[in-house]
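Undergrad: Okay, here's the structure, questions in a sec.
The values are calculated or read from the model by the stated rules, or taken from the named source; none is laboratory data. None of these values were measured; they are calculated from a predicted model. We place every Cβ from the backbone using ideal geometry, glycine too, and count neighbours over all the protein chains shown.
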Amino acid sequence: MTAPATGDGPLPAVRRHIEEAVRRIVSTSAAPDGDWEQLLQRAVTLSPPRDPAHGDLATNASLVLAKRVGMDPRAFAGRLADALPGVAGIMSAEPAGPGFVNLRIAPSAWIPALREAVAAGADYGRSAMGGAIPVNVEFVSANPTGPLHVGHGRGAVLGDAMAALLAFAGFDVTREYYINDAGGQIDQLARSIHHRYRMAAGVEDSSPGEGLYPGEYLAPVAEGELAADGGEAVAAAEDAWLERFREAGIREMMKLIDRDLERLGIRFDVFVSERDLRDAGRVDKAVAVLKRRDLVYTGVPPRPKGAAEETWEPRPQLLFRASRFGDDADRPLRRANGEWTYFAGDLAYHFDKYRRGFRQQIDVWGADHGGYAKRVRAGLSALSEDAAGLDVKFCQLVRVTRAGQPVRMSKRDGNIVTLESVLREVGPDVFRFLMLMRRPDAPLDFDLLEAVRQSKDNPVYYVQYAHARICSVFRRVEEHGELQGLDVHAESDPTILADPREVALMREVALWPEQVEAAARAREPHRIAFQLSELAARYHALWTAGARGEPSLRTLLPGDRPRTAARLLLADAVRAVLRAGLSILGVTPAEEMR
RNA sequence: GGCCCCGUAGCUCAGUUGGAUAGAGCAACGGAUUCCUAAUCCGUAGGUCGCAGGUUCGAAUCCUGCCGGGGUCGCCA
């Protein structure tokens with residue numbers, strides 16, 4: 001790909017300058033005690049103030065430090081403000097409020113960022129922040145018992161964008177899928193296929209009964225098996241066909257899932273099979289490690305309040321001391337029938353990720369697994385001796401509606417709203433963007449009609465339109481004789497860009513790398529979606545001003561090559577941010593809207 | 001009952017890890033056709049940030065307790 005941005009934008013320069021001034025002021029103070037230098041690094045912020053009237057940037061340095069070194073915050077702010085102007089593009093600095101210092105930055109200070117953005121294109125904002133640290137992002141991991149539903153789709157998009165964001169910020173990211181291909185549900189899958197098999201053979205006409213999967217997507221699998229074996233499993237005992245149907249089921253269901261993921265443009269680097277882990281003895285090994293540390297014992301767990309008293313019978317079980325690692329109770333490792341619990345397998349799996357070098361692990365789960373995170377974190381802490389961390393991101397379920405009415409589910413699809421059916425209607429770009437316009441742990445209503453409406457109500461088209469407009473401007477340059485052969489870089493004089501709306505756009509372009517890093521640190525891809533919306537809004541506003549009341553703000557001014565070149569430079573820089581952001585979200589940057 | 005998530009404008013949601021007078025979009029109302037794409041823009045109006053305490057220069061944000069909604073609770077995954 002490309003090298004991470006190494007350019008020294010305006011922000012780092014301003015920050016360095018502030019730090020030097022702060023050190024000078026502190027050195028004159030009567031009581032420079034304490035860990036103020038550490039605070040300077042950690043707690044002092046430099047960010048655009050919420051109210052643009054306060055300037056371009058603001059720092060809270062004196063609020064954080066003044067008291068610590070025995071000074072009055074307002075006095076500290078006053079001295080700091082006096083010391084700043086004149087360097088790094090700082091035009092003026094004023095103390096404000098309880099001790100902020102507001103900075104005005106010369107518009108020309110943003111210009112290097114514009115050139116950097118244009119040069120980097122979709123890679124603008126890529127950073128080395130992550131230091132190539134390996135991060136494992138595990139997501140989807142849906143059971144191979146049927147096609148993906150919309151909720152899986154949300155998790156899929158979140159995980160994929162998370163991975164892209166972290167990769168963009170310089171982490172060494174692996175996208176991983178854990179296949180839950182062991183356990184009772186797979187037996188039920190095999191039995192469901194067998195039922196369909198008997199239907200296909202004409203010896204069964206009732207629909208699948210209790211506990212079996214109703215989806216008709218299993219019929220082709222059954223028919224395939226029937227064609228292959230000529231019906232020998234019709235009346236055979238379960239032992240004779242269970243394993244074969246399990247394998248066929250897993251294989252075919254993973255094909256379905258793969259196809260759904262492909263529609264979303266998602267590729268995984270690694271698939272890990274629960275069965276493989278178990279068969280290779282990895283579960284035994286993980287439990288042995290815990291045993292060696294005296295973290296496993298046989299005991300009777302207390303009856304959970306939710307469990308009905310009639311069905312609960314106290315039974316000694318093999319337990320992991322999860323309560324020593326922040327969990328609320330010790331957790332069972334072995335089922336009554338002697339098999340490992342799902343939890344034991346999950347321990348082995350997260351341990352396996354750790355042993356493959358992932359000290360940072362991110363899991364994307366559905367909200368219905370909410371109570372489960374503590375015990376897995378506890379297990380990973382125990383197994384890695386606190387060397388590995390697990391960050392679980394929860395996705396609330398998605399409610400799909402059409403014009404406000406719940407979408408009815410088809411038996412064909414197994415009574416779920418399939419991801420495929422939604423994608424067929426709205427396309428991957430709309431789906432991905434709308435899924436990322438919301439914080440993942442907030443519930444989401446997805447309306448199929450709203451989603452395809454092409455207007456400003458729909459943030460996908462809104463952002464894509466901004467990108468398309470810029471592309472359109474570039475296509476039109478050559479239509480003007482006076483602009484033939486315009487060299488945007490050589491002929492532009494960006495100091496011409498003086499309108500407040502233009503300067504605001506320049507600033508936003510310059511701040512983009514910082515915003516990417518903030519989103520990556522917070523591990524919140526949805527911030528990117530919101531930032532793109534804001535940038536698009538600013539661009540649309542400027543554009544419409546030029547198109548309506550203020551022709552002098554237009555990009556293409558045939559009589560004024562330097563100004564046109566400068567405007568094109570700005571437009572191109574905005575386009576770079578849009579491309580970079582959309583690439584993180586996995587959304588296509590449309591060249592034109594038709 | 002325990003644990004997890006949520007509660008911000010009539011509706012849907014942001015809120016830069018504790019900052020200044022809490023912001024967008026939708027809906028409502030009023031505007032922009034000499035235009036590089038009107039899939040756009042400008043303006044008006046809209047708030048006890050669920051409630052009550054606490055922490056400090058400063059709280060929508062952190063801590064405690066309530067209220068309300070959702071999820072979950074051995075031998076499913």
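Undergrad: Kindly indicate whether A:R523 is of a type in the set (K, R) and modelled with pLDDT of 90 or more.
TA: So A:R523 fits the description; yes.
Undergrad: Could you check segment A:440-457 and list, in sequence order, the residues that are more than 6 Å from RNA strand B (Cβ to nearest atom) and either under 23 Å from A:V118 (Cα atoms) or assigned to a loop (DSSP other than H, G, I, E, B) (or both)?
TA: Within segment A:440-457, A:P440, A:R453 qualify.
Undergrad: For A:V452, only one of the following conditions fails: (1) touching a residue at least 24 places away in the same chain (Cβ under 8 Å); (2) surrounded by fewer than 20 Cβ atoms within 10 Å (Cβ to Cβ); (3) under 22 Å from the mean Cα position of the chain (by Cα). What is its number?
TA: So A:V452 meets the others, but not (3).
Undergrad: Now for a separate question. Hey, among the residues in segment A:486-532 that are closer than 22 Å to A:A53 by Cα and small (G, A, S), which one's surrounded by the most Cβ atoms within 10 Å (Cβ to Cβ)?
TA: If we take residues in segment A:486-532 being closer than 22 Å to A:A53 by Cα and small (G, A, S), then A:A510 is surrounded by the most Cβ atoms within 10 Å (Cβ to Cβ).
Undergrad: Ok, one more. Taking into account only those residues within segment A:507-544 that are within 6 Å of RNA strand B (Cβ to nearest atom) and over 17 Å from the mean Cα position of the chain (by Cα), which is nearest to A:A164 (Cα to Cα)?
TA: Per the criteria, the residue is A:A537.
Undergrad: If you scan segment A:545-594, which residues turn out to be assigned to a helix (DSSP H, G or I), among the basic types (K, R) and surrounded by fewer than 23 Cβ atoms within 10 Å (Cβ to Cβ)? Before you say what the answer is, go through the steps one by one.
TA: Filtering segment A:545-594 down to residues assigned to a helix (DSSP H, G or I) leaves A:545-547, A:551-553, A:561-585.
Keeping just the survivors that are among the basic types (K, R) gives A:561, A:563, A:567, A:575, A:579.
Hits for segment A:545-594 are A:R561, A:R563, A:R579.
Undergrad: Please go through segment A:71-106 and pick out each residue that is in a loop (DSSP other than H, G, I, E, B), surrounded by fewer than 19 Cβ atoms within 10 Å (Cβ to Cβ) and within 13 Å of RNA strand B (Cβ to nearest atom).
TA: Hits for segment A:71-106 are A:D72, A:G97, A:P98.
Undergrad: Separate question: Which members of segment A:367-376 meet the condition of being touching a residue at least 60 places away in the same chain (Cβ under 8 Å) and either in a loop (DSSP other than H, G, I, E, B) or buried (at least 16 other Cβ atoms within 10 Å of the Cβ) (or both)?
TA: none
Undergrad: Would you say A:V364 is more than 12 Å from RNA strand B (Cβ to nearest atom), farther than 24 Å from A:D276 by Cα, within 23 Å of the chain's Cα centre (by Cα) and surrounded by 18 or more Cβ atoms within 10 Å (Cβ to Cβ)?
TA: Taking the combined requirement at face value, the residue does not satisfy it.
Undergrad: Touching a Pro at 6+ places or on another chain (Cβ under 6 Å) and within 23 Å of A:F171 (Cα to Cα): is that true of A:G357 in this structure?
TA: So A:G357 fits the description; yes.
Undergrad: Right, something else. Would you be able to tell me the number of residues in segment A:298-342 that are within 17 Å of A:G371 (Cα to Cα), outside any loop (DSSP other than H, G, I, E, B) and either modelled with pLDDT under 90 or not small (G, A, S) (or both)?
TA: Count: 6.
Undergrad: Could you tell me which numbered condition A:E204 fails, if it satisfies all but one of (1) assigned to a helix (DSSP H, G or I); (2) more than 16 Å from RNA strand B (Cβ to nearest atom); (3) more than 26 Å from the chain's Cα centre (by Cα); (4) among the charged types (D, E, K, R)?
TA: For A:E204, the exception is condition (1).
Undergrad: Has segment A:458-473 got at least one residue that is of a type in the set (G, A, S), without any contact (Cβ under 8 Å) to a residue 40 or more places away in the chain and not in a strand (DSSP E or B)?
TA: no
Undergrad: Checking the condition without any contact (Cβ under 8 Å) to a residue 60 or more places away in the chain and buried (at least 17 other Cβ atoms within 10 Å of the Cβ), which residue from A:Y297, A:Y349, A:Y354 passes? I'd like the intermediate steps shown before the answer.
TA: Working: A:Y297 fails: buried (at least 17 other Cβ atoms within 10 Å of the Cβ); A:Y349 fails: without any contact (Cβ under 8 Å) to a residue 60 or more places away in the chain.
One residue alone meets the criteria, A:Y354.
Undergrad: Moving on. From the list A:G379, A:G370, A:G414, A:G345, which residue is over 28 Å from A:G215 (Cβ atoms) and small (G, A, S)? Write out each step before concluding.
TA: Values: A:G370 fails: over 28 Å from A:G215 (Cβ atoms); A:G414 fails: over 28 Å from A:G215 (Cβ atoms); A:G345 fails: over 28 Å from A:G215 (Cβ atoms).
Being over 28 Å from A:G215 (Cβ atoms) and small (G, A, S) holds for just one of A:G379, A:G370, A:G414, A:G345, which is A:G379.
Undergrad: Could you tell me whether any residue of segment A:545-566 is touching a Gly at 6+ places or on another chain (Cβ under 6 Å) and either among the aromatic types (F, W, Y) or free of Cβ contacts under 8 Å to residues at least 24 places away in the same chain (or both)?
TA: yes
Undergrad: Take the residues in segment A:25-70 that are among the charged types (D, E, K, R), surrounded by fewer than 17 Cβ atoms within 10 Å (Cβ to Cβ) and under 20 Å from A:N102 (Cβ atoms), then tell me which one is farthest from RNA strand B (Cβ to nearest atom).
TA: In this case the residue turns out to be A:D51.
Undergrad: Next question, about the same structure. Pick from segment A:316-333 the residues that are within 8 Å of RNA strand B (Cβ to nearest atom) and surrounded by 18 or more Cβ atoms within 10 Å (Cβ to Cβ): which of them is farthest from the chain's Cα centre (by Cα)?
TA: Restricting to residues being within 8 Å of RNA strand B (Cβ to nearest atom) and surrounded by 18 or more Cβ atoms within 10 Å (Cβ to Cβ), the top hit is A:Q317.
Undergrad: Let me ask you something else. Output the residues belonging to segment A:175-191 that are within 9 Å of RNA strand B (Cβ to nearest atom) and among the charged types (D, E, K, R).
TA: Across segment A:175-191, the qualifying residues are A:D181, A:D187.
Undergrad: Return a yes/no flag: does segment A:238-254 have any residue that is within 33 Å of the chain's Cα centre (by Cα) and part of a loop (DSSP other than H, G, I, E, B).
TA: Within segment A:238-254 (the criterion being within 33 Å of the chain's Cα centre (by Cα) and part of a loop (DSSP other than H, G, I, E, B)), the answer is no, since none of the residues qualifies.
To keep it simple, each residue is scored yes or no on (1) in a helix (DSSP H, G or I); (2) within 13 Å of RNA strand B (Cβ to nearest atom); (3) in contact (Cβ under 8 Å) with a residue 60 or more places away in the chain.
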residue	(1), (2), (3)
A:G130	no, no, yes
A:P144	no, yes, yes
A:D160	yes, no, yes
A:I193	yes, no, no
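Undergrad: Can you say whether A:A169 is surrounded by 21 or more Cβ atoms within 10 Å (Cβ to Cβ), in contact with a Pro (Cβ under 8 Å, 6 or more places away or on another chain) and at pLDDT 95 or above, as far as the supplied structure shows?
TA: No.
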